[in-house]
Amino acid sequence: TVHYINSDWKLVNACLCCKNHNGDSSSEGIVENLKEVLQEFELESNNMIAAVTDSAANMNSADELLDCPHHYCIAHIIELTTGIAFNLNNSKDVMSKARTLVDYFRSSSQANNLLLELQKGISTPLTVISDVVTRWWSTYLMCERLLKLKCYFNLLENENKLHCNLTVEEWSVINAVNDLLQSFMHIQRVLEGEKYITGSYVPYLISKARANIEIATES
């Protein structure tokens, strides 16, 4: 993708290329592909203010071969940082059980219908949300939705219609992870903007997130 400011001072973003990559993903191959795309659109490398990538090893090596400054995608770095939340209070095991609970309702229309039936008095009944590795802050959405549906899970468990519910202690971990991930979600949501410059927001967002995390970990 390419991002630039046009003559009307409006931020523009466009996809230059999306194609199958054959061969290995060496840094040399990546840079060669990049240069081919630039040539196709008659763009000179000296027109590039910066190249932004993830922080993979091959991208780091490509840094030395690029003809412009190389920066990491801040939103990607934030996503990697959220992994810290899953190393607290055995949360990895708890998150695994949470996904099992989600999969139970996602794979069984009968179970999902029971969940919706319990909410028949609500204008907009809710169901579970799966977290997806390639979708930023989806784990937060999963935890947030589980917490909203917790009372209905308990009702189903009391009626012997649910055998994969979480314990009180595990729900406590889900709540703690949810609080931690919320701060990261707000950052990523702002950084996903395409109609405004996001770089200048980064220092403030990081500072705000640190303050929120300190509050969350103290409570």
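A few comments on the model shown:
- Here is the figure for the stretch 12-33: residues that are in contact with a helix residue (DSSP H, G or I) (Cβ under 8 Å, 6 or more places away or on another chain) and hydrophobic (A, V, I, L, M, F, W, C) total 4.
- In the stretch 59-83, residue least open to solvent (accessible area, probe 1.4 Å) [restricted to those that are among the charged types (D, E, K, R) and over 13 Å from the mean Cα position of the chain (by Cα)]: ASP63
- Counting only residues that are open to solvent by 60 Å² or more (accessible area, probe 1.4 Å) and either touching an Asp or Glu at 6+ places or on another chain (Cβ under 6 Å) or in a helix (DSSP H, G or I) (or both), the stretch 145-165 holds 6 of them.
- Any hit, the stretch 182-189, residues being closer than 30 Å to ASN6 by Cβ, at pLDDT below 90, open to solvent by 50 Å² or more (accessible area, probe 1.4 Å) and not in a helix (DSSP H, G or I): no
- Checking VAL128, VAL102 one by one, the residue that is under 30 Å from ILE77 (Cβ atoms), of a type in the set (A, V, I, L, M) and assigned to a loop (DSSP other than H, G, I, E, B) is VAL128 and no other.
- No other residue among VAL168, VAL128, VAL94 is open to solvent by 80 Å² or more (accessible area, probe 1.4 Å) and either modelled with pLDDT of 95 or more or out of contact with any His (no Cβ under 7 Å at 6 or more places or on another chain) (or both) apart from VAL168.
- Scanning the stretch 194-215 for residues that are open to solvent by 50 Å² or more (accessible area, probe 1.4 Å), farther than 29 Å from LYS10 by Cβ and either touching a Gly at 6+ places or on another chain (Cβ under 9 Å) or in contact (Cβ under 8 Å) with a residue 12 or more places away in the chain (or both) yields a single hit, ASN212.
- Qualifying residue in the stretch 13-35 (condition: over 19 Å from ASP63 (Cα atoms), open to solvent by 50 Å² or more (accessible area, probe 1.4 Å), touching a Ser or Thr at 6+ places or on another chain (Cβ under 7 Å) and part of a loop (DSSP other than H, G, I, E, B)): yes
- Filtered by the rule that a residue be surrounded by 15 or more Cβ atoms within 10 Å (Cβ to Cβ) and in a helix (DSSP H, G or I), the stretch 36-49 gives a lone residue, LEU38.
The values are calculated or read from the model by the stated rules, or taken from the named source; none is laboratory data. Quick caveat, the model's predicted, so the values are computed rather than measured. All Cβ positions, glycine included, derive from the backbone under ideal geometry; neighbour counts span all protein chains shown. Ligands, DNA and RNA are excluded from the accessible area calculation, which covers all protein heavy atoms including side chains. Shrake-Rupley method; radii C 1.70, N 1.55, O 1.52, S 1.80 Å.
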